[in-house]
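Reviewing the structure listed below.
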Amino acid sequence: MQTVERWLSMAGTANRAPGHPEANGASPPRPLHPFVAEAGDLVALTLETGQPERFLWIDEKGVADNIGARTGNPREYRKHNLWIPPSVGWSTLDARAQCLVADVLVMLNLIERDGHPDEVEERMIRAEQPGTSSLPPCIRSDRRPLRPDLRAGMADPPAPGTTCPPDCKFQLCPYPPRGCVPRGEIREPFCRQQQALLPGRVRRCLPRGLRRKTPHWVSMRVRELDGFWQQMAGRTRS
Ligand SMILES: [Zn+2]
């Protein structure tokens, strides 16, 4: 826990300019971004269990695109000399890690969209709102402004911020319409798994400490989050 806390105290400081009060760690620690806090917990669980493939991943897109082999083959670890063999997909991940990967992917797609570098940079800055709860209301409390059902029409895709609530500082909604995230589209099985993870639908018994409700960064009804992933699952159908 001490090791992980030390790492968390450094999180985000590498990008601060040298003159910035947070650059040398002199200022009081900022509240952690909820995704970073969750990743910290998962790293602690990794160190505790010695099973990195359950709590960590190499690439969000890669792990969400693949269900993966159900059991890790120790030979494969040795062959690749890696902590996590490349055959691992989301089915190997713990439920908490699956939830984090999913919402990180949603945020990445909101920020990166078609990938034009200047615009990505601007949106990245908007996504790092200091002093706020650090996640847009459209991720945290009401996902309707994301409009995951939108299709790319004849006109240009709607500009980021078009469907955000008026007081939203993040200005990232709607989620890029269908056809506007060709590489980044989250595949249907992974969306269905997000629905399956929601309380009331989980049938298997998880060990203490790994039992989940909705992710702690989310404050909305289970039914609303279920509806969001239902729409996301339908996007990749014709
Ligand atoms: Zn929004």
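Working only within region 133-162, note down all residues that are open to solvent by 40 Å² or more (accessible area, probe 1.4 Å), at negative phi, in a loop (DSSP other than H, G, I, E, B) and near the ligand (Cβ under 10 Å from one of its atoms). Quick ask: steps written out before the conclusion?
Within region 133-162, the subset open to solvent by 40 Å² or more (accessible area, probe 1.4 Å) is 133, 140-142, 144, 147, 149, 151-160, 162.
Add one more test, that the residue is at negative phi, and what stays is 133, 140-142, 144, 149, 151-160, 162.
Those still in the list that are in a loop (DSSP other than H, G, I, E, B) too: 133, 141-142, 149, 152-160, 162.
Across region 133-162, the qualifying residues are 142, 160, 162.
Scanning region 97-112 for any residue that is open to solvent by 30 Å² or more (accessible area, probe 1.4 Å) and not hydroxyl-bearing (Ser, Thr, Tyr) turns up at least one such residue.
Hey, among the residues in region 163-186 that are of a type in the set (Lys, Arg) and surrounded by fewer than 18 Cβ atoms within 10 Å (Cβ to Cβ), which one's farthest from the ligand (Cβ to nearest atom)? Among those that are of a type in the set (Lys, Arg) and surrounded by fewer than 18 Cβ atoms within 10 Å (Cβ to Cβ), it is 183. Take the conditions open to solvent by 50 Å² or more (accessible area, probe 1.4 Å), over 26 Å from residue 58 (Cβ atoms) and either out of contact with any helix residue (DSSP H, G or I) (no Cβ under 9 Å at 6 or more places or on another chain) or at pLDDT below 95 (or both) and apply them to residue 124. Does it pass? No: the conditions fail for residue 124.
The values are calculated or read from the model by the stated rules, or taken from the named source; none is laboratory data. From a predicted model like this one, the values you see are computed outputs, not experimental measurements. Cβ: placed from backbone, ideal geometry, glycine included. Neighbour counts: every protein chain shown. In case anyone asks, the SASA skips ligands and DNA or RNA and just uses the protein heavy atoms, side chains included. Shrake-Rupley method; radii C 1.70, N 1.55, O 1.52, S 1.80 Å.
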